[in-house]
Amino acid sequence: MIEKQVPNLADAIDGIRSGATILVSGFGEAGSPVELLEALLDTDVKELTIVANNAGSGNRGLASLLREGRVRKIICSYPRSKGSVWFERRYLANEVALEVVPQGTLSERIRAAGAGIGGFFTTTGIGTDLAAGKETRMIEGREYLLEMPLFGDVALIKAQRADRWGNLVYHAAGRNYGPTMAAAAALTVAQVNEIVPLGSIDPETVVTPGILVDRVIKITAAKT
Amino acid sequence: MSSQTEDSFARLPGTVPGGRTARQLAARLAADIADGWCVNIGIGKPTVIADVVDPSREIIFHSENGIIGVGPFAEDSAQDDDLINASKGFITIVSGAAFVHHTDSFALIRGGHLDLAVMGAFQVAENGDFANWNIPGTKIPAVGGAMDLANGVKRVWIMMDLFDRAGVSKLCERCSYPLTARGVVQRVYTDLAIFEVSTDGFIVRELVEGLSLEELQRHVPVKIRLEGSV
């Protein structure tokens with residue numbers, strides 16, 4: 001029997017170690033696994049490398065890990081968001097390193113990791129400061145940059161609905177990085193709003209197949 | 001969203017009574033978009049376009065976070081945490097909309113499947129270069145999807161104030177800020193005038209009422225001209 005549902009947040013994040021690279025879904029707060037991130041505060045993990053679109057805002061989720069000094073480095077596309085107070089404070093104090101990556105390149109690097117692709121060529125970033133030190137190649141008369149895959153030790157993602165095999169369905173644009181990150185980490189944990197009986201998700205509508213998901217945790221308490 | 005929509009545009013000091021507001025400019029820009037186009041609307045003022053467009057038009061607005069078919073801004077009572085635009089403002093979707101995940105959303109962008117991207121900018125040069133992600137001295141650099149859009153879509157139009165808060169022209173001969181992309185901008189929609197980027201520099205397509213080409217040229221440090229003139 002395959003049972004991916006775990007009973008509590010502690011089990012959901014069990015085994016995550018200090019120094020880990022964690023892929024975190026979300027575009028702003030949409031699709032962000034806030035409760036899984038905050039569960040890390042109840043452990044002693046630190047020195048984390050976070051891969052995400054943004055660098056957290058307000059006081060919850062990713063921002064709480066920054067506030068508590070658990071993050072060593074952030075790889076993201078847009079850290080300068082309204083309310084990114086804790087990132088700004090840690091970054092300006094040289095307590096957190098930053099790697100800025102164009103958003104589509106960030107997403108595709110994660111996809112490459114999950115799809116067994118050893119790198120890819122893109123025109124994104126050509127002629128800019130972000131091309132510094134990268135291999136280029138002329139393809140069909142256009143200049144391209146070589147970008148490398150970006151793996152995670154762990155992916156923490158959020159979806160709307162799951163079954164016990166870990167099949168996932170998302171809600172609206174909360175989907176964002178979830179499907180890509182699920183494939184790119186050694187351990188993928190999904191927090192969901194609802195767990196339904198096996199067979200009740202129409203196979204035509206499954207977005208992330210359960211073979212990419214290791215653990216599923218149902219979050220009951222509403223986000224405040 | 002109000003902080004984005006109610007910004008008053010910079011004015012040409014002491015000359016023109018008023019340029020277009022963000023909403024007026026968004027409506028003017030929307031009038032130049034063809035029915036059936038799929039158009040990415042970037043962070044900031046461009047997001048207003050989907051709010052002001054005539055609902056009878058069938059333009060498909062794309063938001064980088066995986067929404068194809070963005071509608072007007074959402075009323076307070078109808079906000080969904082998972083329905084936001086590039087600026088993280090609450091939006092609605094139109095009939096016929098679709099969601100995709102992030103990697104597919106950028107495959108649409110990079111694969112040339114979008115007809116147009118409308119973005120803001122700090123500087124636009126007469127050779128079509130533009131800069132919109134990092135001003136030297138900025139504490140925190142942030143690129144977002146701008147470089148992917150700039151290189152991937154069929155057309156790049158810039159929507160911005162012509163002058164920055166210090167009154168400095170954002171049109172320039174060459175960008176001094178770090179580039180977002182080289183040679184990609186085709187049109188520039190500003191509060192005071194609309195420009196086309198040609199192989200011979202900026203061509204003025206439209207001036208707001210009461211503003212002459214000569215007057216504008218005095219404040220812009222790069223040659224601007226009417227089509228057919230030299």
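Read-outs: derived from the displayed coordinates by stated rules, not from any lab. Values in this document were obtained by computation on a predicted structure and should not be read as measured data. We place every Cβ from the backbone using ideal geometry, glycine too, and count neighbours over all the protein chains shown.
Annotations for the structure displayed:
- Count of lysine pairs in chain A with Cα separation under 18 Å (8 or more residues apart, or interchain): 5
- Entry note, chain A: relative contact order of 23 percent, from Cα contacts under 8 Å with a spacing of 6+ residues.
- Farthest toward the positive end of the dipole of chain A, out of A:Q103, A:T43, A:A93, is the Cα of A:A93, where the dipole comes from beta carbon charges about the Cα centre.
- All Cα-Cα distances of chain A, cut into 10 Å bins from zero to the largest, leave 8, 34, 35, 18, 5, 0 percent in each bin in turn.
- Euclidean distance between Cα centres, the range A:23-45 to the range A:50-85, Å: 10 Å
- With neighbour counts taken as other beta-carbon atoms within 10 Å, the residues A:S107, B:S176, B:S56 rank, fewest first, as B:S56, B:S176, A:S107.
- Calculation over all alpha carbon pairs of the protein assembly as shown in 20 angstrom steps from 0 returns a P(r) of 25, 55, 19, 2 percent.
- The mean count of C-beta atoms from other chains within 10 Å of the C-beta of residues in B:79-88, rounded to a whole number, is 6.
- Neighbour count of at most 14 Cβ within 10 Å plus DSSP loop: longest GluC sites (Glu not before Pro)-free window in chain B: B:76-172
- Ranking of A:M138, A:M148, A:M1, B:M160 by neighbouring Cβ atoms within 10 Å, starting from the fewest: A:M1, A:M138, A:M148, B:M160.
- Longest segment of chain A lacking GluC sites (Glu not before Pro) that sit in a DSSP loop with at most 13 other Cβ atoms within 10 Å: A:141-224
- For the range B:53-67 versus the range A:127-149, the gap between their alpha-carbon centres in whole angstrom: 31 Å
- Computed over neighbours whose Cβ is under 13 Å from that of A:I195, the net charge equals +2, Lys and Arg +1, Asp and Glu -1.
- Volume per residue that the Cα convex hull of the range B:2-225 spans, once the total is divided by residue count, Å³: 127 Å³
- Straight-distance crosslink candidates among lysines, where the alpha carbon sits under 20 Å from B:K223 and sequence neighbours closer than 8 are dropped: B:K170
- The range B:169-183 and the range B:130-150: distance between their alpha carbon centers, rounded to Å: 12 Å
- Every helix of 4 or more DSSP H residues in chain A counts as -39500 (n - 2.57), and over all residues that averages to -4500 deg cm²/dmol at 222 nm.
- Look at the stretch A:73-82: the mean tally of other chain Cβ atoms within 10 Å of its residues' Cβ atoms is 5.
- Distant-in-sequence amide H partners of A:L168 (H built 1.01 Å from N, under 5 Å): A:V207, A:T208, A:G210
- Note on B:D54, B:D76: ascending count of other Cβ atoms within 10 Å places them as B:D76, B:D54, the fewest first.
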